[in-house]
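Novice: One structure follows; several queries about it will come next.
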Amino acid sequence: EGGRFEVYVQPFPALGRKYQVSVTGGQYPVWSRDGRELYFISPEGRLLAVTVRNSVSGLEFDTPKPLFDHKLSALGTAFNYAVAKDGRFLIPMPQNTEASPLTLVLNWPAALKK
């Protein structure tokens, strides 16, 4: 609606009030298992959490807060993450393709005697 990706919450299947959750953009929302938090990725690649509460006037959302200091990397064209049943975040990390040097020490017991 505003020219950038934002995160909204709206009742389904009945249409009702639409709540904008993200403040400065967001994508890939995932609900916590208990429905009290909503997670999404900011435009900078940070995983944000928003606390959600029911009130007399409808839903209330706190200000989004980053969960981690580091930014996530997109895998392909999307950010992939999931929330496990125990609340841990499952995030695939790009693998380091650089080979680490390997040192092979032969007859190392003799070197210990010196």
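The values are calculated or read from the model by the stated rules, or taken from the named source; none is laboratory data. Being a predicted model, the structure only gives us computed values, none of them experimental. Every residue, glycine as well, gets a Cβ built from its backbone with ideal geometry; the counts of neighbours run over all protein chains shown. Note: accessible area is taken over every heavy atom of the protein model, side chains too, but ligands, DNA and RNA are not part of it. Shrake-Rupley method; radii C 1.70, N 1.55, O 1.52, S 1.80 Å.
Novice: Filter the range 66-97 down to residues that are in a loop (DSSP other than H, G, I, E, B) and modelled with pLDDT of 75 or more, then give me how many there are.
Specialist: Summing the residues that are in a loop (DSSP other than H, G, I, E, B) and modelled with pLDDT of 75 or more in the range 66-97 gives 15.
Novice: Is there a residue in the range 42-52 that is open to solvent by 80 Å² or more (accessible area, probe 1.4 Å), free of Cβ contacts under 8 Å to residues at least 40 places away in the same chain and in a loop (DSSP other than H, G, I, E, B)?
Specialist: Start the filter on the range 42-52 by keeping residues that are open to solvent by 80 Å² or more (accessible area, probe 1.4 Å), which leaves 43-44.
So of that shortlist, the ones also free of Cβ contacts under 8 Å to residues at least 40 places away in the same chain come out as 43-44.
Imposing the further condition that a residue be in a loop (DSSP other than H, G, I, E, B) reduces the set to 43-44.
Yes, that holds for at least one residue.
Novice: So which of K65, K85 ends up being in contact (Cβ under 8 Å) with a residue 40 or more places away in the chain and not polar (S, T, N, Q)? Don't jump to the end; show me each part of the working.
Specialist: Numbers: K65 fails: in contact (Cβ under 8 Å) with a residue 40 or more places away in the chain.
The unique qualifying residue is K85.
Novice: If you go through the range 53-63, how many residues are assigned to a strand (DSSP E or B) and either modelled with pLDDT under 90 or not aromatic (F, W, Y) (or both)?
Specialist: 6
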